[in-house]
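Here's the structure, in structure tokens; my notes come after.
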Ligand code: NDP
Ligand code: GDR
């Protein structure tokens with residue numbers, strides 16, 4: 001039985017990946033932070049099938065101990081301070097977790113289980129002020145937030161450990177991916193949650209920032225399959241994972257409101273509090289390499305994704 005350690009198991013991607021690996025017959029271990037109140041919402045349905053280790057990406061002792069005891073075949077490093085907006089409010093913390101935390105995890109593996117296969121959750125935010133459209137594995141990085149900068153560090157340290165120590169270390173450059181398990185502060189879920197509440201008379205208005213930003217949005221359930229595929233190849237490599245389609249925040253809002261028979265213009269207001277000090281205007285990924293080498297394809301369209309999320313939020317409040 002293969003053993004996999006997932007950091008960030010309580011998050012959106014951690015929960016879908018754990019489901020996938022359990023289905024494939026893996027023994028799944030999860031690194032979980034100590035919290036005053038439990039936050040098992042995303043994994044409560046599979047909680048009993050996972051073995052948890054208490055730890056924090058900033059605390060190498062906890063990582064080293066987990067790797068030493070588990071001796072995992074695969075490690076998926078999904079933990080991060082992942083909210084771009086907050087990375088300006090907590091730049092040092094973001095650097096420590098999202099950047100340096102990757103080195104802590106790599107060191108723990110190098111010292112105790114150097115043949116474990118490693119996946120790093122890199123991000124399209126590394127492209128930031130994009131140098132070309134669409135973005136590929138070869139597009140230069142120009143991050144536009146403390147989060148993006150930290151992810152560039154995490155990306156390059158992963159490449160560096162691959163080249164320095166011959167470790168099987170891969171970096172997946174994933175574009176935005178969403179689901180009903182998405183954190184409420186991210187724009188897709190903020191919108192679908194508000195649409196459900198407005199429809200049911202529980203909320204009056206929706207305050208948003210930049211409506212013109214364009215993102216390449218896919219479904220998280222599709223994207224975790226690509227993570228697993230990356231660790232099953234003969235040689236470690238880096239891959240862009242995206243849909244190849246880009247939409248504005250305005251289009252997202254239009255589809256979500258229309259799905260419940262409402263006109264978004266009656267409810268949405270712009271609020272400068274949700275504008276960012278530096279914005280990433282457009283992201284559009286080219287997943288050709290993943291399609292060819294991993295035989296990976298996204299299955300859920302943007303339209304289906306937004307409707308799925310609205311439906312789940314309606315169900316929740318009804
Ligand atoms: P989430 O924010 O949903 O989950 C983040 C996870 O990291 C949570 O389990 C959280 O634990 C954990 N975590 C946060 N800080 C620490 C820490 N100091 N030590 C240990 N664990 C910690 O993120 P997603 O699931 O959406 O994303 C997964 C990864 O992929 C992240 O690294 C993100 O930056 C990256 N990514 C995400 C994309 C997306 O569109 N979703 C796109 C590209 C990259 P807790 O529950 O306790 O807060
Ligand atoms: P992003 O996701 O920053 O791309 O990072 P987010 O959903 O936060 O923002 C997407 C775009 O929407 C604009 N926007 C708003 N965003 C939020 N959160 N709230 C608002 O009210 C709002 N109004 C407009 C933003 O300005 C932005 O342009 C996500 C995270 O999952 C990262 O961890 C991951 O690496 C990247 O996706 C790829």
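Here are some residues: 75, 97, 102. Which one is away from ligand 1 (no atom under 12 Å from the Cβ), assigned by TED's automatic domain parsing to the domain that holds residue 160 and under 24 Å from residue 170 (Cβ atoms)? Full working, then the answer.
On the way: 97 fails: away from ligand 1 (no atom under 12 Å from the Cβ); 102 fails: away from ligand 1 (no atom under 12 Å from the Cβ).
Just one listed residue meets the conditions, 75.
Residue 197 passes all but one of (1) away from ligand 1 (no atom under 16 Å from the Cβ); (2) in contact (Cβ under 8 Å) with a residue 24 or more places away in the chain; (3) closer than 30 Å to residue 41 by Cβ; (4) outside any helix (DSSP H, G or I); which number fails?
(4)
Out of 241, 184, which single residue is within 11 Å of ligand 2 (Cβ to nearest atom) and free of Cβ contacts under 8 Å to residues at least 24 places away in the same chain?
After applying the criteria, what remains is 184.
Select, from 234, 204, the only residue that is farther than 26 Å from residue 133 by Cβ and assigned by TED's automatic domain parsing to the domain that holds residue 119.
234
Which is in contact (Cβ under 8 Å) with a residue 12 or more places away in the chain, surrounded by fewer than 23 Cβ atoms within 10 Å (Cβ to Cβ) and away from ligand 2 (no atom under 15 Å from the Cβ), of 53, 83?
Exactly one residue qualifies, and that residue is 53.
Do we have residue 107 as closer than 30 Å to residue 273 by Cα, assigned by TED's automatic domain parsing to the domain that holds residue 32 and modelled with pLDDT of 95 or more here? Please lay out each step first, then the result.
Details: closer than 30 Å to residue 273 by Cα: no; assigned by TED's automatic domain parsing to the domain that holds residue 32: yes; modelled with pLDDT of 95 or more: yes.
Spelling it out, it is not the case that residue 107 is closer than 30 Å to residue 273 by Cα, assigned by TED's automatic domain parsing to the domain that holds residue 32 and modelled with pLDDT of 95 or more.
Taking residue 118 as the residue in question, decide whether it is farther than 19 Å from residue 232 by Cα and within 15 Å of ligand 1 (Cβ to nearest atom).
Judged against the criteria, residue 118 is not a match.
For residues that are out of contact with any helix residue (DSSP H, G or I) (no Cβ under 9 Å at 6 or more places or on another chain) and part of a helix (DSSP H, G or I), scanning just the range 139-159, find the one that is nearest to ligand 2 (Cβ to nearest atom).
Top of the filtered list is 156.
Looking at (1) within 16 Å of ligand 2 (Cβ to nearest atom); (2) in contact (Cβ under 8 Å) with a residue 40 or more places away in the chain, which one does residue 71 not meet, given that it meets all the others?
(1) is the only condition that residue 71 fails.
Assess whether residue 161 counts as being within 13 Å of ligand 1 (Cβ to nearest atom) and modelled with pLDDT of 95 or more.
no
Does the range 22-29 contain any residue that is part of a helix (DSSP H, G or I) and either assigned by TED's automatic domain parsing to the domain that holds residue 104 or near ligand 1 (Cβ under 9 Å from one of its atoms) (or both)?
yes
What's the number of the condition residue 166 fails, among (1) within 15 Å of ligand 2 (Cβ to nearest atom); (2) over 20 Å from the mean Cα position of the chain (by Cα)?
Looking at each condition in turn, residue 166 falls short on (1).
Please pick out the residue among 167, 131 that is more than 19 Å from residue 8 (Cβ to Cβ) and at pLDDT below 95.
131
What do you reckon, is residue 61 in the same structural domain as residue 160 (by TED's automatic domain parsing) and either within 16 Å of ligand 2 (Cβ to nearest atom) or modelled with pLDDT under 95 (or both)?
No, not satisfied.
The values are calculated or read from the model by the stated rules, or taken from the named source; none is laboratory data. Source: prediction; values computed, not measured. Glycine gets a Cβ as well: all are built from the backbone with ideal geometry, and neighbour counts include every protein chain shown.
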